[in-house]
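S.K.: Structure below; questions to follow.
The values are calculated or read from the model by the stated rules, or taken from the named source; none is laboratory data. Bear in mind that the values here come from a model prediction, so they are computed numbers and not experimental data. So basically every Cβ, Gly included, is an ideal-geometry build from the backbone, and we count neighbours across all protein chains shown.
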Amino acid sequence: MQSNTEYREMPIPASLEENIAIIRNLSQNSSDVLVNRIIVGEIPCALLCCEGMVGMSFISQLIIEPLTEIPPMPDSDALFEHVRSRLMLSVDRPVVRNYGELFRTLNSGFAVLIAEGQTKAFAFGAQGYDRRSVGEPSGEANVLGARDGFVEVIRPNMSLLRRRMKSPYLKLELLNIGTVSQTDICLCYLHDRVPAKLLRQIRELVTSTELETILSTGYLQPFLENRRGNLFDSASLTERPDVLCAKLLEGRVGILIDGSPFALVIPKLFVESFQALDDYNFKPYYATLIRWLKYAAFLVAMLLPALYIAITMHHPELLNSTLLLILSEAEAQAPLSLVTEAIGVLLMYEIVREAGLRLPKAVGGAVSIVAGLIIGDAAVSSGLISTPLLTMVAISVIAGYVIPDLNQAVTILRLAFVFCGGLWGLYGVALLGMVVLFNLCATESFGYPLTAPLSPLHAKGLRDVATRLNFRKLQKGHFTVEEYHE
């Protein structure tokens, strides 16, 4: 039996029997690989397909019946020329010349025709496998926008983009990566707007990866980001085709992965984590208010517990006497230190969130109710946790829901700020804040700074950051990502 890499370049032999024997050997007589011997034009042939990957009615009516009606042919060359020039059979008809291409097309839902005396094969697109229907995205809800989102199959995802972007400049470039899985991925870009250097670098990185398989975006994303210790992602994810189209208009590159309903977008800007599709459907003044609420929620989610601990433990003079008495009385009843309480509550919240996320939906709601009773009522009543601290942590956690795109970074930084605030007070919070800010400003993706258009400052780009102007003004002088390049 050939190894993963050896069989790919093996040419197809002219002997039909030898060809079938090699196919059966490589597939180890897998039950779903169907080899159907058939006489076409008096030439011995075989039609290969993978059960469950092709539409049976489609292949019977549009491929098998026309093949059986072919008149007698003098040899296989004449037969293949007749099939190529006289019969359509399928719109997608690649020519297969080695076993790597044969098995990749076969496992992608194609029917493959091999014949006696031919060192090549014809593949006909006959996909008919089950897939989830296009529905509303689960993680990017909106009020006034479209209700369709990407699915796990790459071809429908490509059609969702093409339906919205009918420009001939939209290019969808299919690549095949993964030494074992041979996963299809699609580079999406407007070739009149994307920087040529950015596209070349992304294509080289994607094609040079030596992964055995790619099952989701998390397999490929690390290869498209810097190897330095960045706290924030420099590639964004979206499951909305309208959002991806908007990014392509700015000169970005999107990557669709077969088997994943999420698209990678490169490069990413940090301010995009605070933007939503509904921002462009609401009135500008209301969208601006919502955006500034998100900025404030980000700071609250990351800093509020740390500031409470830092002020209470190290800088009580910043509090008025009434508030100081209330807090001191509440904390005097708790047996643990403020830092220990805060870290314990935050970790407990993450445990509850993970349990509710991984359990079946019928049980996940019960977990949240039980956890709320235990943490919110029993823990406070027993005196293990003080009410003010629990309130601060709860506000911080709720504020984090406003910016789900930054959830991972906020979760870790919240704990780090609590630790530094407990050790060194406001000085520790300020010191860690500067480290985070420096790390954020130093993060870049293929030469494009994550913090643009704030750093370096582009006044033109602030039209959709500090405020959200109406489209009468936004459409004047469309701002592309190339202007952000360092």
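S.K.: As an exercise: evaluate Leu256 against (1) under 18 Å from Tyr448 (Cα atoms); (2) under 17 Å from the mean Cα position of the chain (by Cα) and give the number of the one condition it does not meet.
M.R.: Condition not satisfied by Leu256: (1).
S.K.: Output the residue which, of all residues in the stretch 455-486 that are modelled with pLDDT of 80 or more and either under 21 Å from Glu225 (Cα atoms) or touching a helix residue (DSSP H, G or I) at 6+ places or on another chain (Cβ under 6 Å) (or both), is surrounded by the most Cβ atoms within 10 Å (Cβ to Cβ).
M.R.: The qualifying residue surrounded by the most Cβ atoms within 10 Å (Cβ to Cβ) is Arg468.
S.K.: Any idea how many residues of the stretch 20-62 are within 32 Å of the chain's Cα centre (by Cα) and assigned to a strand (DSSP E or B)?
M.R.: The number of residues fulfilling the criteria is 4.
S.K.: Turning to a different aspect of this structure: Checking Pro168 against (1) surrounded by 13 or more Cβ atoms within 10 Å (Cβ to Cβ); (2) modelled with pLDDT of 90 or more, which single condition isn't satisfied?
M.R.: All conditions pass for Pro168, except number (1).
S.K.: Further, regarding this structure: Given the options Val151, Val112, Val143, Val134, name the one that is without any contact (Cβ under 8 Å) to a residue 60 or more places away in the chain and β-branched (Val, Ile, Thr). Walk me through it before giving the result.
M.R.: Values: Val151 fails: without any contact (Cβ under 8 Å) to a residue 60 or more places away in the chain; Val112 fails: without any contact (Cβ under 8 Å) to a residue 60 or more places away in the chain; Val143 fails: without any contact (Cβ under 8 Å) to a residue 60 or more places away in the chain.
Among Val151, Val112, Val143, Val134, only Val134 is without any contact (Cβ under 8 Å) to a residue 60 or more places away in the chain and β-branched (Val, Ile, Thr).
S.K.: Here's something else I'd like to know. Name the pairs whose Cβ atoms lie under 8 Å apart, with the first residue in the stretch 68-90 and at positive phi, the second assigned to a helix (DSSP H, G or I), and 6 or more positions between them or separate chains?
M.R.: Taking only residues 6 or more apart or on different chains, the pairs are Leu89/Leu62; Leu89/Ile63; Leu89/Pro66; Leu89/Leu67; Leu89/Val83.
S.K.: Just name the residue that is nearest to Leu199 (Cα to Cα) out of those in the stretch 446-467 that are free of Cβ contacts under 8 Å to residues at least 24 places away in the same chain and not in a loop (DSSP other than H, G, I, E, B).
M.R.: Gly461
S.K.: Now, a different point. Considering only the stretch 420-442, state which residues are under 32 Å from the mean Cα position of the chain (by Cα), surrounded by 15 or more Cβ atoms within 10 Å (Cβ to Cβ) and under 14 Å from Met302 (Cα atoms).
M.R.: Leu432, Gly433, Val436, listed by residue number.
S.K.: In the stretch 111-161, what residues are surrounded by 20 or more Cβ atoms within 10 Å (Cβ to Cβ), among the aromatic types (Phe, Trp, Tyr) and assigned to a loop (DSSP other than H, G, I, E, B)?
M.R.: Phe150
S.K.: Let me ask something additional. If Arg164 meets every condition in (1) in contact (Cβ under 8 Å) with a residue 24 or more places away in the chain; (2) out of contact with any Cys (no Cβ under 7 Å at 6 or more places or on another chain) apart from one, which number is that one?
M.R.: Every listed condition holds for Arg164 apart from (2).
S.K.: So, one more: Spot the failing condition for Leu174; the list is (1) more than 29 Å from Asn281 (Cα to Cα); (2) in contact (Cβ under 8 Å) with a residue 24 or more places away in the chain, and only one is missed.
M.R.: (2)
S.K.: Which count do you get for residues in the stretch 90-134 that are under 17 Å from Tyr7 (Cβ atoms) and of a type in the set (Val, Ile, Thr)?
M.R.: 5
To keep it simple, each residue is scored yes or no on (1) in contact with a strand residue (DSSP E or B) (Cβ under 8 Å, 6 or more places away or on another chain); (2) of a type in the set (Phe, Trp, Tyr).
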position: Ile266; (1), (2): yes, no
position: Tyr285; (1), (2): no, yes
position: Leu289; (1), (2): no, no
position: Trp292; (1), (2): no, yes
position: Met302; (1), (2): no, no
position: Ile309; (1), (2): no, no
position: His314; (1), (2): no, no
position: Asn320; (1), (2): no, no
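S.K.: Quick one: in the stretch 190-230, of everything that is closer than 20 Å to Thr451 by Cα and within 18 Å of the chain's Cα centre (by Cα), which residue is surrounded by the most Cβ atoms within 10 Å (Cβ to Cβ)?
M.R.: Restricting attention to the stretch 190-230, the residues satisfying the condition of being closer than 20 Å to Thr451 by Cα are 194-195, 198, 221-222, 224-230.
The next check asks that each one be within 18 Å of the chain's Cα centre (by Cα); those that pass are 221-222, 224-226.
Numbers: Gln221: 18, Pro222: 11, Leu224: 21, Glu225: 18, Asn226: 14.
Applying the filter and picking the extreme gives Leu224.
S.K.: Hey, any hits in the stretch 183-193 for a residue that's over 30 Å from Val402 (Cα atoms), touching a Gly at 6+ places or on another chain (Cβ under 8 Å) and assigned to a loop (DSSP other than H, G, I, E, B)?
M.R.: yes
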